[in-house]
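I have placed the structure first, in the form of structure tokens, so that the comments after it can refer back to it.
The values are calculated or read from the model by the stated rules, or taken from the named source; none is laboratory data. Computed from a predicted model, the values in this text were never measured in an experiment. A quick note on method: Cβ atoms are made from the backbone with ideal geometry, for glycine too, and the neighbour counts reach across all protein chains shown.
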Amino acid sequence: MHYFHYKTNNLYCEDVKVSDIAERIGSPCYVYSYRTLMEHFKKLQSAFKAINPLICYSVKANSNMAICKALVNEGAGLDIVSGGELFRALKIKTDPKKIVFAGVGKTDEEIEYAIKAGILFFNVESEQELERIQEISIKLRKTVDVCLRVNPEVDPHTHHYIKTAKKESKFGLSFAAARLLLLNRGRFFNVQIKGLHMHIGSQITEAWPYIHAIKKVNGFIKEMKSHGVSFQYLNIGGGMGIIYKKEIAQTADIFAKAIAPLLKGGLKVILEPGRFIVGSAGILVSRVTFVKETESKNFLVIDSGMNDLIRPTLYEAYHEIAPLHRRPKAKQRQYDIVGPICESGDFLAKDRLMPQIHAGEYLAVMCAGAYGFSMSSNYNSRLRVAEVLVKGDKYFVIKERERYSDLIKKERIPPLI
């Protein structure tokens with residue numbers, strides 16, 4: 001469900017005509033619907049109200065401070081994976097006790113930053129990381145809380161780049177490794193192991209992988225209890241999918257009904273959704289620069305590319321692409337929709353059947369709110385685009401388009417050149 005819709009054949013975001021934004025702000029740009037964002041978060045709150053989880057929005061999905069602040073205002077915590085994301089979280093005055101820090105490669109500087117900030121806990125991914133947190137906590141004279149990220153070895157049948165719970169994954173600890181740490185937890189005298197964390201992957205559209213994983217984790221919790229080890233938290237991660245093409249994605253209610261009965265063991269539950277909240281809340285608006293027709297292909301060459309939205313290139317991901325102005329009787333043609341980047345992999349769609357499009361028209365790349373701008377780059381020295389938030393009949397620029405001067409402001413030419 002989202003609030004991008006056609007009215008008199010023009011695409012609107014809530015009550016604002018998207019072409020008005022494109023003409024005023026310029027193209028390309030990301031446009032987000034505040035109402036969509038809020039409704040998806042509130043659907044999760046409502047679906048899981050019986051167990052009252054802490055819902056920590058996954059900042060990596062879309063780290064714009066306005067997006068994060070809107071969710072924090074509604075009671076969300078934040079799931080972070082870097083010092084930069086922690087900086088953003090603190091900048092918008094997130095309660096540190098609603099921040100959890102994951103990731104396999106936390107640096108000493110990031111660990112120290114987070115300890116000083118007083119975050120809720122680290123999700124620890126290795127014995128080496130736990131030892132490093134212990135060393136830094138001693139130096140800072142602080143007691144630190146952590147959860148161990150366990151790898152339940154569940155294949156969620158999603159793209160292989162976004163599976164994170166198989167035994168060959170870089171993420172998490174095997175149950176055997178976690179068991180050893182827990183039975184020898186006394187040597188980590190400055191670190192309190194408060195719970196377990198799991199995250200099995202991303203863009204998961206069914207409940208069964210979670211059911212399988214949670215049952216395995218619950219069995220491990222029961223086993224450790226018999227050894228005198230107790231926990232306060234169970235963090236089941238995120239990964240809930242959305243509809244990009246023909247997926248039959250589960251609703252928050254269906255998901256909650258399937259897994260909530262497994263989460264009533266007295267532990268405080270934490271969820272880390274990202275895509276489910278912000279994915280369908282955003283679009284990428286792009287302008288057609290050229291219509292290039294060859295003997296074998298028709299190309300729509302647009303002013304955005306893989307540097308703005310890398311998912312189609314990286315994951316072979318599908319995004320619906322629609323004109324901002326719809327012509328119902330227009331002739332259908334097949335296009336490859338490609339960008340200006342000097343790479344053959346620079347495409348947003350291939351062999352896409354669409355109404356005939358002309359140069360100068362605007363297109364909307366749908367469901368681009370997650371892992372869109374947050375994965376964008378300056379490749380080919382291209383400027384990162386503007387971001388716009390729509391609320392009702394008003395819109396706000398929440399990230400200004402870069403200028404050429406921004407590309408070089410941190411660069412220095414040494415005297416020897």
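Side notes on the structure shown:
- Flag for residue 47 being over 19 Å from residue 373 (Cβ atoms) and of a type in the set (Gly, Ala, Ser): yes
- Condition met for residue 365 (more than 18 Å from the chain's Cα centre (by Cα) and at pLDDT 95 or above): no
- Among the residues of the stretch 285-325, those identified as out of contact with any strand residue (DSSP E or B) (no Cβ under 7 Å at 6 or more places or on another chain) and of a type in the set (Asp, Glu) are 293, 295, 316, 320.
Okay, residues lined up against (1) in contact with a Leu (Cβ under 9 Å, 6 or more places away or on another chain); (2) outside the structural domain of residue 25 (by TED's automatic domain parsing); (3) not charged (D, E, K, R):
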| position | (1), (2), (3) |
| --- | --- |
| 337 | yes, no, yes |
| 342 | no, no, yes |
| 346 | no, no, no |
| 373 | yes, no, yes |
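- Strands (runs of 3 or more DSSP E) lying entirely in the stretch 1-44 (those with 2 or more residues that are within 18 Å of residue 63 (Cα to Cα)): 29-33
- Strands (runs of 3 or more DSSP E) lying entirely in the stretch 327-417 (those with 1 or more residues that are of a type in the set (Asp, Glu) and touching a residue at least 24 places away in the same chain (Cβ under 8 Å)): 332-338, 386-391
- Residue satisfying all of: in the stretch 261-298; surrounded by 16 or more Cβ atoms within 10 Å (Cβ to Cβ), more than 23 Å from the chain's Cα centre (by Cα) and among the hydrophobic types (A, V, I, L, M, F, W, C); nearest to residue 389 (Cα to Cα) among these: 288
- Taken together, the residues in the stretch 1-13 that are crowded, with 21+ Cβ neighbours inside 10 Å and at positive phi amount to 0.
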